[in-house]
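Readers should treat all values here as calculations from the given coordinates under stated rules, not as data from a laboratory. What you are looking at is a predicted structure, and each value in this text was computed from that prediction instead of being measured. With ideal geometry, Cβ positions are generated from the backbone for all residues, glycine too; neighbour counts draw on all protein chains shown.
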Amino acid sequence: MTASQVSHYKLALDYASTDFDEADPVRLAFVNVVNFLVANAGKNIRHLTFGMLREAAKLNREDGEILHRTIAYLTGSRANLLTIGYEFIDEDFEYELSAEEVDIFLDSSEFCDPRTGEEVPDCANSIYVFFRPNYAAFH
């Protein structure tokens, strides 16, 4: 792990200690995710799901609100530790959406299969959110 990564993680932990009361479960979940990211920094994590983040945060399935608040903080401008990505999955085909494709999908709920160019019916059931560490923020 580089010195800038360590510095960025420490800064994010400092922010969380001032932004959340010590008893707030989001603070503990955030710290748990940061510890997970630090412990796995050498693995170049490129794809984190909600389930993986829930496990890293040491939350239960019924802790959805805490998980969503934690993810909002992790992806927000203050902590800036994770970036959001979108992927289209069709059976064994996976395709990461470009920024332009994400904008179109979010604005119109439409998406065209990159293999055929044809609009995917009910595409919201085939497009998934994922997260990755924001390594660019460390430099």
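Key figures
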{"quantity": "Using alpha-carbon coordinates, inclination of helix 3-19 to the longest axis of the chain, degrees", "calculated": "80"}
{"quantity": "Nearest-ten-degree value, helix 99-108 long axis tilted from longest Cα axis of the chain", "calculated": "70"}
{"quantity": "Amide H within-cut-off set for T83, under 5 Å, with H built and near neighbours excluded", "calculated": "R132, N134"}
{"quantity": "Local net charge near E119, Cβ-Cβ under 9 Å (Lys/Arg +1, Asp/Glu -1)", "calculated": "-3"}
{"quantity": "For region 57-65, Karplus couplings with θ = phi - 60° (6.51, -1.76, 1.60), whole Hz, Gly/Pro x", "calculated": "6, 6, 10, 8, 4, 7, 9, x, 5"}
{"quantity": "Environment charge of N32, counting only residues whose C-beta is closer than 14 Å and scoring Lys/Arg +1, Asp/Glu -1", "calculated": "+1"}
{"quantity": "For region 1-32 and region 69-126, distance of Cα centres in Å", "calculated": "27"}
